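Peer 1: Input: one structure, supplied below.
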Amino acid sequence: MKIVTVVGARPQFVKAAVVSRVLREKHQEVLVHTGQHYDANMSAVFFEELGIPEPDYNLGIRGGTHGKMTGEMLAAVEDVLISEKPDALLAYGDTNSTLAGALAAVKLHIPVYHIEAGLRFGSFSMPEEVNRVLTDRISEKLFCPTKSAVGCLAAEGIRRNVYLTGDVMYDAYLKASAGTGRRAPEEPGRYYLLTVHREENSNPESLTEVFQAMAQLDAKVIYPVHPRNAKLAQSLAHPNIELIEPVGYFEMVGLLNHCEKVITDSGGLQREAFFAGKPCVTLLDHAVWPETHVGNRNQLAKCECGDILEKLSAKVAADSGEQPFGDGHAAEKIVAWF
Ligand code: UD1
């Protein structure tokens, strides 16, 4: 088969690295980078360290409103599809790049294969939820990371061509943790790991509350700052919070594996914390990964200082060893269904 894969944002590079390797053993892949993430430490670093082939197309579409970004991507991916005539389009997750790719393909009657299908937040207040729901609705094959994702699709009447495969992020995490890329921070010691990048949390009020909580913790906090929050984070600087540039995947896994606890609004990092057996406080209103919320191992918190501190001090059950995210071979299972 000839497959056009569309990626654009950090977590998609990690997922594509795992799947592309397996896919290219039997099929032809045309890799399209929409340009959504473009700073070297948000994009190129992942291609280099994960050995992802150079994209065949870089559409160079960045920034702007959601509609503008998604619309420009839709038109540009359509051009690629018209000239490449693939048998299917492969899309990952829930970003604007995902929806744009899927929409371009379905309108040309090219089947859409969606990896990380079936996740639900329960409210369209989050741009990612719009992207997920619409992409799933127009996908020909839906690859679910968990049983709960299969259940969410069934609840919406989507039962055909739904495959429970496990999570390709878990495949990637296992490889990175076992490999040479694992790095400890330069001065090992106790620290918490913070990331905040969601649109709904990227405002002065929310970030001030988060920083007030972080300032009171019993160890320093390391915060790799997404570029959208760089200025704001610097303006709120506090000695207990170490602001660092965005880090590559291996460095992130190293930071995760050596930290005390995680505070994040990232869908990826909250389950990587679960993989690593690290307690996590997630700064979102709804659970997207219900499997991680056992025994307080992942707790939702509002962007309020008091709530964050309360959740961080809650008693957390030990890692039971139960692994709801598959066996580390999701990529092989996915490609076998192509
Ligand atoms: C996007 C995804 C989100 C995913 C995240 C992964 C959408 C709606 N959201 O969020 O689901 O969890 O990627 O990291 O697609 N910017 C830079 N340099 C970059 C990238 C972004 O400066 O390399 C700035 C731009 O000004 C941009 C803003 O950050 O407008 C936000 O970036 P955007 O890609 O819209 O959303 P993310 O928050 O990265």
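The values are calculated or read from the model by the stated rules, or taken from the named source; none is laboratory data. Note that this is a predicted model, so its numbers are computed, not measured. Heads up, the Cβs are rebuilt from the backbone with ideal geometry, glycines too, and the neighbour counts pull from every protein chain shown. What goes into the accessible areas is simple: the full protein's heavy atoms, side chains included, and nothing from ligands, DNA or RNA. Shrake-Rupley method; radii C 1.70, N 1.55, O 1.52, S 1.80 Å.
Peer 1: Take region 37-62 and flag every residue that is within 17 Å of the chain's Cα centre (by Cα) and assigned to a helix (DSSP H, G or I).
Peer 2: Of everything in region 37-62, those that are within 17 Å of the chain's Cα centre (by Cα) and assigned to a helix (DSSP H, G or I) turn out to be Ala44, Val45, Phe46, Phe47, Leu50.
Peer 1: Another question about this same structure. Among the numbered conditions (1) open to solvent by 20 Å² or more (accessible area, probe 1.4 Å); (2) outside any loop (DSSP other than H, G, I, E, B); (3) more than 13 Å from the ligand (Cβ to nearest atom); (4) over 25 Å from Asp285 (Cβ atoms), tell me where Leu89 comes up short.
Peer 2: Unmet for Leu89, out of (1) open to solvent by 20 Å² or more (accessible area, probe 1.4 Å); (2) outside any loop (DSSP other than H, G, I, E, B); (3) more than 13 Å from the ligand (Cβ to nearest atom); (4) over 25 Å from Asp285 (Cβ atoms): (1).
Peer 1: Turning to a different aspect of this structure: Open to solvent by less than 10 Å² (accessible area, probe 1.4 Å), hydrophobic (A, V, I, L, M, F, W, C) and either over 23 Å from Phe338 (Cα atoms) or in contact with a helix residue (DSSP H, G or I) (Cβ under 7 Å, 6 or more places away or on another chain) (or both): does that describe Leu142? Quick ask: steps written out before the conclusion?
Peer 2: Values: open to solvent by less than 10 Å² (accessible area, probe 1.4 Å): yes; hydrophobic (A, V, I, L, M, F, W, C): yes; either over 23 Å from Phe338 (Cα atoms) or in contact with a helix residue (DSSP H, G or I) (Cβ under 7 Å, 6 or more places away or on another chain) (or both): yes.
In short, yes.
Peer 1: Within the set of pairs 6 or more residues apart or between chains, which connect a residue that is over 18 Å from Val168 (Cα atoms) inside region 20-46 to a residue that is open to solvent by 10 Å² or more (accessible area, probe 1.4 Å) and hydrophobic (A, V, I, L, M, F, W, C) with Cβ atoms less than 6 Å apart?
Peer 2: Here the result reads His27/Met1; Thr34/Leu59; Thr34/Ile61; Gly35/Leu59; Gly35/Ile61, each pair linking region 20-46 to a residue that is open to solvent by 10 Å² or more (accessible area, probe 1.4 Å) and hydrophobic (A, V, I, L, M, F, W, C).
Peer 1: Let me ask something additional. Which of the residues belonging to region 124-139 are under 20 Å from Leu108 (Cα atoms) and either part of a loop (DSSP other than H, G, I, E, B) or in contact with a Gly (Cβ under 7 Å, 6 or more places away or on another chain) (or both)?
Peer 2: The answer is Asp136, Ile138, Ser139.
Peer 1: For Ala230, are the conditions met, namely being part of a helix (DSSP H, G or I) and more than 23 Å from Lys15 (Cα to Cα)? Please lay out each step first, then the result.
Peer 2: On the way: part of a helix (DSSP H, G or I): yes; more than 23 Å from Lys15 (Cα to Cα): yes.
It is true that Ala230 is part of a helix (DSSP H, G or I) and more than 23 Å from Lys15 (Cα to Cα).
Peer 1: Restrict the check to region 107-116 and report whether at least one residue is more than 16 Å from the ligand (Cβ to nearest atom) and either among the aromatic types (Phe, Trp, Tyr) or over 24 Å from Gly35 (Cα atoms) (or both). Can you show your working first?
Peer 2: The initial filter retains those residues of region 107-116 that are more than 16 Å from the ligand (Cβ to nearest atom), namely 107-113.
When the remaining residues are screened for being either among the aromatic types (Phe, Trp, Tyr) or over 24 Å from Gly35 (Cα atoms) (or both), the result is 109, 113.
Yes, some residue in region 107-116 is more than 16 Å from the ligand (Cβ to nearest atom) and either among the aromatic types (Phe, Trp, Tyr) or over 24 Å from Gly35 (Cα atoms) (or both).
Peer 1: Something else: Checking the conditions here, which among Lys261, Lys333, Lys315, Lys311 is closer than 22 Å to Phe143 by Cβ, open to solvent by 40 Å² or more (accessible area, probe 1.4 Å) and in contact (Cβ under 8 Å) with a residue 12 or more places away in the chain? Before the answer, list the steps.
Peer 2: Working: Lys261 fails: closer than 22 Å to Phe143 by Cβ; Lys315 fails: closer than 22 Å to Phe143 by Cβ; Lys311 fails: closer than 22 Å to Phe143 by Cβ.
Just one listed residue meets the conditions, Lys333.
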